[in-house]
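Read through the structure below, which is laid out as structure tokens, and then see the notes.
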Amino acid sequence: MPVQFDIRAILKSKAPKAHVPEFLIRYLERITHIKEMNAFLRRHPDARDYEFIRLTISEELRCSASIEGTENIPTDDRPVIFVSNHPLGGLDGMIIAQLIHDHRPRPLKVIVNELLMFMEPIADLWAPVNKVGRLTREQAAEQQRMWESESDVLSFPAGACSRLQRINHEWLIQDLEWQKNFIQRAREYKRDIVPIYFEGQNSRFFYTLALLRKWLHIKLNIEMLYLVDEMYGARGKHFKVHVLPPIPYTTFDNSKTPKQWAQYVKMQVYRSWSKD
């Protein structure tokens with residue numbers, strides 16, 4: 001039996017005592033494209049890892065992607081940390097992982113929201129981060145093993161997809177503040193950082209909903225429920241990925257705090273793109 005997604009089972013596992021009305025379940029099934037995803041799983045019951053990603057991108061979504069700066073992808077065996085902006089909130093992670101694998105066929109772990117562990121065919125590629133609570137002991141141990149391993153790591157330091165923000169008197173779609181964890185890990189495990197810029201954006205509806213939620217002071221990340229719908233809304237699009245020159249881990253000295261270094265790398269990513 002191929003794996004199938006089940007909204008009821010997911011809700012029960014995350015909030016076992018909550019009663020979710022039937023009309024809301026049906027709405028969630030519609031915006032998460034459950035029927036389409038399950039039909040895809042039935043067509044490809046044995047697809048896993050990069051084959052699953054490739055089929056999702058090329059067949060289910062009919063998307064394509066190109067990469068610039070392949071000369072900046074390290075060719076040696078020393079594990080590195082790839083860091084990227086996060087404009088789409090899911091599809092960008094799959095595309096970047098696939099492109100990295102195509103040019104650097106070695107183990108890679110992608111740090112993702114813990115909810116994405118429900119995508120069982122590619123769960124082995126993920127390293128979960130719990131955005132709504134603490135990591136379990138098993139998850140924390142898994143992350144420790146990841147950093148001590150020879151696997152490359154792909155991180156989205158913003159921890160959430162880009163939002164429409166007012167920056168220097170302009171409305172721009174850009175990541176939120178990058179968290180410092182990747183700087184600390186680069187120092188601790190002597191891993192160079194390879195910055196990536198991904199061209200793309202979600203729908204106007206997504207950004208409007210995010211702004212409205214913020215203005216109403218609603219803490220629950222409502223717009224995240226629409227990320228699968230955004231992914232399906234990207235059908236047929238072509239995306240460009242830009243790989244920037246690696247930054248040696250020795251760069252991150254005590255002249256700045258880890259938080260300041262994280263913002264420095266973020267600005268390098270956006271400034272490099274704006275010059276193109």
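Overall dimensions of the chain, expressed as equivalent-ellipsoid semi-axes from the Cα gyration tensor (√(5λ), whole Å, largest first), are 29, 22, 20. Tally the DSSP beta bridges in the chain and give the antiparallel ones as a percent, rounded to 5. Given both bridge residues lie in the chain, the antiparallel proportion sits at roughly 30 percent. In the elastic network of the chain, a GNM with C-alpha springs shorter than 10 Å, the most mobile of SER149, SER255, SER203 is SER255.
If each residue of separation counts as 0.36 nm, what is the full-extension length gain between LEU216 and LEU11 once their alpha-carbon separation is subtracted? Numbers along the way, then the final one.
Working: separation 205, 0.36 × 205 = 73.80 nm, distance 2.50 nm.
Gain on stretching LEU216 to LEU11: 71.3 nm.
Scanning the chain for GluC sites (Glu not before Pro) lying in DSSP loops with no more than 12 further Cβ atoms inside 10 Å, the longest uninterrupted stretch between such sites is 1-149.
The GNM of the chain, with springs linking C-alpha atoms under 10 angstrom apart, assigns the highest mean-square fluctuation among THR75, THR32, THR56 to THR75. Here the Gaussian network model covers the chain, with springs between Cα atoms less than 10 Å apart; of ALA234, ALA210, ALA158, ALA210 fluctuates the most. Measuring r between the beta carbons of GLU148 and PHE205 and using R0 = 41 Å, the FRET efficiency lands at 0.45. With R₀ set to 45 Å, the beta-carbon distance separating GLU29 from ALA141 gives a calculated FRET efficiency near 0.85.
Here each label is just a point 7 Å from Cα along the line to Cβ, and for GLN184 and GLN260 those points are 1.8 nm apart. Remark: the range 154-167, residue by residue, has Karplus-estimated 3J(HN,Hα) of 10, 10, 10, x, 5, x, 7, 6, 4, 10, 7, 9, 8, 10 Hz, where x stands for each Gly or Pro and the curve is 6.51 cos²θ - 1.76 cosθ + 1.60 at θ = phi - 60°. Partners of LYS190 within straight-line reach, counting lysines whose Cα lies under 18 Å from its Cα and excluding those fewer than 8 residues away in the same chain: LYS109, LYS180, LYS256, LYS259. Within the straight-line cut-off of under 12 Å between alpha carbons, the aspartates and glutamates reachable from LYS14 are GLU114, sequence neighbours fewer than 8 places apart in one chain being disregarded. Computed on the range 47-275, with alpha-carbon pairs under 8 angstrom and 6+ residues apart, the relative contact order is 31 percent.
Placing a pseudo-label 7 Å from each Cα along the Cα-to-Cβ vector at ARG78 and HIS238 gives an inter-label distance of 3.6 nm. Taking each residue as 0.36 nm, the span from SER58 to HIS169 lengthens on full extension beyond its C-alpha to C-alpha distance by 36.1 nm.
Rule-based calculations on the coordinates, nothing more; no lab input. These numbers were taken from a predicted model, which means no experiment stands behind them. Here Cβ is always computed from backbone atoms with ideal geometry, including for glycine, and neighbour counts include all displayed protein chains.
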